Amino acid sequence: MDNPNKQIYVTQPCLPPLEEFLPYLQQIWDNKWLTNNGKLHQQLEKELAGYLGVKYISLFSNGTLALITALQALNVQGEVITTPFSFVATTHSLWWNKITPVFVDIEPDYLNLDPARIEAAITPRTTAIMPVHVYGNPCQVDEIQRIADKHGLRVIYDAAHAFGVKIDGESVLNWGDLSALSFHATKVYSTIEGGAIICHTEDMKHHIDNLKNFGFRGETIVEEPGINAKLNEVQAAYGLLQLKYVDGFIFKRKAITELYRKLLKGVRGLRFLSNMENVTQGFPYFPILIDEAEFGMSRDALYAKLKENDIFARRYFYPLISNFEPYRELSSAAPDNLPIATKIAEQVLCLPIYVELQESDIMRICHIIH
Ligand SMILES: Cc1ncc(COP(=O)(O)O)c(C=O)c1O
């Protein structure tokens with residue numbers, strides 16, 4: 001029988017069968033090659049490039065270091081236009097490169113950086129745009145590229161949520177100069193901790209590969225002050241197994257999304273994001289937006305109510321990055337400059353979604369919301 005008091009978290013990793021992992025460990029133990037571009041690392045880069053439909057991929061130890069290195073690889077400086085509605089690592093990656101973030105508001109439909117507001121934020125110091133495909137819904141990539149080309153700006157996508165996302169069958173990761181992915185344990189596809197940069201040329205891949213290995217080119221030459229951001233063989237093995245199962249994971253996530261939509265349809269004051277036409281999704285999150293006046297309860301009250309019932313939803317993304325201590329004094333961080341993001345951050349709640357979430361769990365969650 002279902003346990004009505006079972007604790008349900010916003011996410012839970014789906015591990016591959018242990019018996020399939022053990023032969024990989026045996027291989028690693030036999031070879032005694034643990035990191036530094038090992039065989040499994042190379043195999044994973046090859047398989048992921050094929051799966052994602054991209055030309056070049058460089059694996060990283062996490063998504064944050066991938067973002068930091070992407071900016072370094074393009075020598076981005078000065079000011080970068082970005083969104084306040086994201087995980088804090090997006091802006092931190094700028095800070096670590098001594099770049100000033102310039103926050104621009106989001107659009108209300110998919111909560112991504114609003115291209116219509118970008119040009120007004122460009123100054124002589126602007127060198128790049130760093131948008132985020134929030135919840136895996138692609139940004140308005142063609143419009144962003146048009147603006148970037150017009151003003152000679154780089155585009156680096158934070159694609160942490162965009163694993164497997166395609167527009168008209170083409171990977172969203174092929175847009176922009178570079179895209180950075182996260183393979184953290186909470187993501188649709190995971191290497192426990194991990195990440196990657198997607199790029200378009202072999203030269204750029206070499207450059208990025210060097211940067212993630214202290215800046216070494218060959219044995220004795222250090223060209224740049226690189227970092228250590230390598231993915232090890234044990235995690236690469238985990239990633240190879242995850243890749244085998246990821247289509248099934250996405251299939252299950254889609255079914256969960258559809259069930260939530262069905263059960264929550266018509267609830268007054270509750271909105272969810274609709275499917276984008278022509279987009280293949282990975283269904284990483286299930287966000288809902290609560291209009292307090294219409295719903296009869298605030299988002300925070302609903303969050304607390306769910307918690308009382310052992311359901312741990314998360315307020316992604318609240319507070320806005322622009323409200324955190326390191327960034328709140330920036331002029332672009334003023335709430336007046338970010339009215340939509342400010343409102344959405346008070347309304348948004350991400351409901352539990354993970355492969356092993358049961359239909360009865362979803363019904364229990366929706367029953368409480370009703
Ligand atoms: C939008 C976004 N950017 C960056 C990151 C950072 O990735 P990582 O945790 O792999 O460093 C995350 C998630 O963790 C994220 O959600």
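The values are calculated or read from the model by the stated rules, or taken from the named source; none is laboratory data. Source: prediction; values computed, not measured. All Cβ positions, glycine included, derive from the backbone under ideal geometry; neighbour counts span all protein chains shown. Please note that ligands, DNA and RNA were not included when accessible areas were found on the heavy atoms of the full protein model with its side chains. Shrake-Rupley method; radii C 1.70, N 1.55, O 1.52, S 1.80 Å.
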* Can you give the relative contact order of segment 13-157 as a percent, counting alpha carbon pairs under 8 Å and 6+ residues apart? -> 18
* Alpha carbon centre of segment 250-295 versus segment 75-139: separation in Å? -> 25
* **Net dipole in debye of segment 74-204 [+1 Lys, Arg Cβ; -1 Asp, Glu Cβ; about Cα centre; nearest 20]** => 340
* Two-decimal ratio, the chain, of alpha-carbon radius of gyration to 2.2 N^0.38 Å -> 1.00
* Structure fact -> Note to self, the chain gives a 222 nm [θ] from helices alone (DSSP H runs n ≥ 4, -39500 (n - 2.57) apiece, / all residues, nearest 500) of -11000 deg cm²/dmol
* Structure fact -> Expressed as a percent, the accessible surface of segment 93-174 that is carbon or sulfur, using a 1.4 Å probe and the full set of protein chains, is 50
* Asked: What is the sum of charges around residue 64, taking Lys and Arg as +1, Asp and Glu as -1, for the other residues whose C-beta is under 11 Å from the C-beta of residue 64?
  -> -2
* Rounded percent of accessible protein surface that carbon and sulfur make up, segment 237-280, 1.4 Å probe -> 55
* Structure fact -> For segment 196-342, whose charge dipole is built from +1 on Lys and Arg Cβ atoms and -1 on Asp and Glu Cβ atoms, the candidate among 264, 237, 196 with its Cα farthest towards the positive end is 264
* Structure fact -> So, over other residues within a Cβ distance under 13 Å of residue 334, counting Lys, Arg +1 and Asp, Glu -1, the net charge is -2
* Structure fact -> Among 311, 25, 180, the residue whose Cα sits farthest towards the positive end of the charge dipole of the chain (+1 at Cβ of Lys and Arg, -1 at Cβ of Asp and Glu, taken about the Cα centre) is 311
* To do: Please report, in Å, the Rg and the Dmax of segment 290-366, where both are computed over Cα atoms only.
  => 15.3, 47
* Structure fact -> Probe 1.4 Å, heavy atoms of protein chains only: per residue, the accessible area of the chain in Å² is 46
* With no solvent and one point per C-alpha, what does the Debye sum give as log10 I(q)/I(0) for segment 1-133 at q = 0.21 Å⁻¹? -> -1.23
* **Around residue 83: net Lys/Arg minus Asp/Glu count, Cβ-Cβ under 13 Å** => -3
* What percent do you get for the relative contact order of the chain when only Cα pairs under 8 Å and 6+ apart count? -> 23
* **Sequence-separation-based contact order of segment 264-370, relative, with Cα cut under 8 Å and 6+ spacing, percent** => 34
* Hey, got the dipole for the chain? About the Cα centre, +1 on K and R Cβ, -1 on D and E Cβ, debye to the nearest 20? -> 400
* Alpha-carbon centroid distance for the pair segment 320-343 / segment 150-184, whole angstrom -> 24
* **Check: segment 225-370 dipole with +1 on Lys, Arg Cβ and -1 on Asp, Glu Cβ, in debye** => 320
